[in-house]
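The values are calculated or read from the model by the stated rules, or taken from the named source; none is laboratory data. Predicted model, so just to flag it, every value in this text is computed and none were measured. For neighbour counting, all protein chains shown are included, and Cβ atoms are generated from backbone atoms with ideal geometry for every residue, glycine included.
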Amino acid sequence: MKASDYRKLRAASELTAEVALPSGAVFTLRRPPLQVWIAAGKIPQSFLLKMQSGANPTAAVEAMDGKETMQALTFVRDAIVYACVSPRLVPGTTADDELDPAELDPEDFTFLSKWIMTGSPDVPVATKGGEVPAESLDRFRRKRPGGVAGTGADGEQVQSAAFGVAGASG
């Protein structure tokens, strides 16, 4: 199988949503595979640690030094480029049917970064029973008896083992 065939196959199966941006533009967006990017080391560690602590994307970037800020902004730009199906974002493009990420209105850029960091809520989630709205999965994120929201009773231990940090849950 050629790489281009695989890309077409994946694109055909990806779920998307039409999302209105603050500027009034409507983009077709898909959910970036953040868990895959984390495993591949594509997300800057400093950004990941600040996001894990519960900071919002803007506050996380503001708390970084210059080098960390550039790494985080590059990651956010890459995530936005991935998420935008239509119009397609291509750094440095001058094509009529593509946008350079630098052309995005700052308010739209901020909206898209928050949209991605909150789990791309408008994109449905594929389940064995078909597609369901992301918000229908909220019941799995609520606090369970004897545990903390989103974790089992041993959530902190699991996070500590996974991230190698004591008290990793914040």
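Within the range 78-102, count every residue that is touching a Ser or Thr at 6+ places or on another chain (Cβ under 9 Å) and part of a helix (DSSP H, G or I).
The qualifying residues number 3.
Identify, please: which residue in the range 31-89 is modelled with pLDDT of 80 or more and charged (D, E, K, R) and is, among those, surrounded by the fewest Cβ atoms within 10 Å (Cβ to Cβ)?
Looking at the filtered set, the residue picked out is Lys67.
Could you give every pair whose Cβ atoms fall below 6 Å, whose first residue belongs to the range 1-27 and is closer than 15 Å to Val125 by Cα, and whose second residue is of a type in the set (Val, Ile, Thr), counting only separations of at least 6 or pairs across chains?
These pairs meet every condition: Leu15/Val123; Thr16/Thr28; Thr16/Val85; Ala17/Val123; Glu18/Val26; Glu18/Thr28.
Looking only at the range 4-17, how many residues end up being exposed (fewer than 11 other Cβ atoms within 10 Å of the Cβ) and either modelled with pLDDT of 90 or more or of a type in the set (Ser, Thr, Tyr) (or both)?
Total meeting the criteria: 3.
What do you reckon, is Ser23 modelled with pLDDT under 75 and in the same structural domain as Thr118 (by TED's automatic domain parsing)?
Spelling it out, it is not the case that Ser23 is modelled with pLDDT under 75 and in the same structural domain as Thr118 (by TED's automatic domain parsing).
Out of the range 94-124, which residues are of a type in the set (S, T, N, Q) and surrounded by 14 or more Cβ atoms within 10 Å (Cβ to Cβ)?
Result: Thr110, Ser113, Ser120.
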